[in-house]
Amino acid sequence: NEHADKYPTLRTSYGMPSEGTWQEGDRRIDCFVIVDGGNKLKDSLIG
């Protein structure tokens, strides 16, 4: 994504179902972006 190049300190992370919640039917994976220093993003990083 061309907007991500403006933010060199971006990190990505994700959360996945645990073995226990998978057995309960949880299939959701949450993906998120972390920006250092409390900076606010002004561009979409979806693309």
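List of remarks:
- Filter result (part of a helix (DSSP H, G or I) and modelled with pLDDT of 95 or more) within the range 1-32: Glu19, Gly20, Thr21, Trp22, Gln23
- Within the range 3-47, being acidic (Asp, Glu) and either touching a strand residue (DSSP E or B) at 6+ places or on another chain (Cβ under 7 Å) or free of Cβ contacts under 8 Å to residues at least 40 places away in the same chain (or both) holds for Asp5, Glu19, Glu24, Asp26, Asp30, Asp36.
- Within the range 1-46, being out of contact with any Cys (no Cβ under 9 Å at 6 or more places or on another chain), small (Gly, Ala, Ser), at negative phi and surrounded by fewer than 10 Cβ atoms within 10 Å (Cβ to Cβ) holds for Gly20, Ser44.
The values are calculated or read from the model by the stated rules, or taken from the named source; none is laboratory data. Since the structure is predicted, the reported quantities are computational estimates derived from the model, not experimental observations. Please note: Cβ atoms are built from the backbone with ideal geometry, for glycine as well, and neighbour counts cover all protein chains shown.
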